[in-house]
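I have placed the structure first, in the form of structure tokens, so that the comments after it can refer back to it.
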Amino acid sequence: MKILVIKPRSVNIDPWIPELRSRGHTVVENDLKSITPDVIIGASISVINKIRHAQKTFPNVPMINYNWDVYEWVWKHPRGYDWKGYGELLKNSHEVWCPSESVVKRNFDWFKIGQDKSIIIKTFARLFDYEGEVKDQRFIYNPLRSIPDRNLGWLKKACTNLNIPLVQSGHRLTESEFQKTILNCSFMVCEYYEASTGGLTLIEGHKYGKPVLVSDSPYMGAKDYFGDRAEYFKHNDYASFEKKIKHLWENTPVLKRDECEKFVQQYTIESMIDKMEERLAKL
């Protein structure tokens with residue numbers, strides 16, 4: 001199949017290209033002149049104008065868009081993206097691929113895109129390899145970047161109140177520091193009400209036996225990825241959240257590393273591209 005992918009540079013998207021090519025597909029990135037594609041895949045709202053241009057250039061070619069997220073806060077803090085226009089682009093797509101049910105819900109909430117068009121294709125996680133000893137050096141790790149979510153600040157407040165050490169990377173760690181923090185934390189937390197995956201770092205940490213805590217919000221995508229393997233707090237009850245943090249700190253679960261490693265193997269790049277190919281075969 002000849003595939004035109006319209007994409008930014010991204011560690012969550014770049015690996016699609018060599019994996020698709022390894023399976024015999026002709027894949028071109030952002031180049032509208034070298035092929036007449038069988039399908040266009042738009043990979044991010046950040047390249048919305050390029051996707052529009054590709055659609056205009058090849059009006060009879062099916063267009064698929066991977067919608068990573070569209071949170072409630074983007075309507076108050078748009079950060080330069082044309083979310084209304086993106087909704088129109090998604091509605092004009094052959095399919096909209098989503099990383100979780102939470103995004104499927106938001107596609108309907110904001111754009112009235114039904115489940116017949118919103119297809120869940122879970123994303124892969126960057127699973128790094130480490131053969132040494134994994135430790136609990138008694139601190140909580142929040143690996144997610146800061147976003148204006150309604151629950152932003154809950155974890156810092158709870159750790160301050162409970163006198164618990166907290167590391168919040170804010171994506172400012174080097175790769176080696178990042179991995180070391182994952183391997184040595186007590187458990188990992190996504191405090192947010194809404195997150196399309198809950199943060200893929202949670203999967204990376206869970207590989208090495210790290211427990212994860214996320215909200216029970218209907219817009220928390222981590223539920224799709226972890227199911228009953230995660231710990232949950234009431235998404236609209238701070239007191240419940242702080243109580244859960246205290247309980248997990250004083251009674252930190254000890255998970256079997258081999259079971260965790262086996263569980264996360266479903267979130268490889270190969271598994272993600274398998275699902276993509278299943279959908280592409282239906283065009």
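The values are calculated or read from the model by the stated rules, or taken from the named source; none is laboratory data. Keep in mind that what you see is a predicted model, and the values were worked out from it rather than measured. Glycine gets a Cβ as well: all are built from the backbone with ideal geometry, and neighbour counts include every protein chain shown.
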Search result, residues across the range 50-78 that are β-branched (Val, Ile, Thr) and surrounded by fewer than 18 Cβ atoms within 10 Å (Cβ to Cβ): Thr57, Val61
From the options Val47, Val39, Val28, residue that is in contact with a His (Cβ under 9 Å, 6 or more places away or on another chain) and surrounded by 16 or more Cβ atoms within 10 Å (Cβ to Cβ): Val39
Unmet requirement for Val167, which otherwise passes all of (1) β-branched (Val, Ile, Thr); (2) at pLDDT 95 or above; (3) farther than 25 Å from Glu261 by Cβ: (3)
Residues of the range 49-79 satisfying the condition of being of a type outside the set (A, V, I, L, M) and part of a strand (DSSP E or B): Asn65, Tyr66
Helices (runs of 4 or more DSSP H) fully within the range 190-272 counting 2 or more residues that are under 22 Å from Asn67 (Cα atoms) and touching a helix residue (DSSP H, G or I) at 6+ places or on another chain (Cβ under 7 Å): 201-206, 222-226
Selection count where residues are within 23 Å of the chain's Cα centre (by Cα) and surrounded by fewer than 17 Cβ atoms within 10 Å (Cβ to Cβ), scope the range 1-14: 5
The range 144-177, residues that are touching a His at 6+ places or on another chain (Cβ under 8 Å) and in contact (Cβ under 8 Å) with a residue 60 or more places away in the chain: Pro148, Asn151
Total residues in the range 26-48, condition of a type in the set (Ser, Thr, Tyr), closer than 10 Å to Pro8 by Cα and assigned to a strand (DSSP E or B): 0
Lone qualifier among Gly221, Gly205, Gly227, Gly198 - being closer than 23 Å to Phe124 by Cα, surrounded by fewer than 14 Cβ atoms within 10 Å (Cβ to Cβ) and either basic (Lys, Arg) or modelled with pLDDT of 95 or more (or both): Gly227
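Condition check ((1) surrounded by 15 or more Cβ atoms within 10 Å (Cβ to Cβ); (2) closer than 18 Å to Lys207 by Cβ) across all residues:
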site	(1), (2)
Leu89	yes, no
Glu101	yes, no
Phe108	no, no
Lys117	yes, no
Ile120	yes, no
Leu127	yes, yes
Pro148	no, no
Gly153	no, no
Lys157	no, no
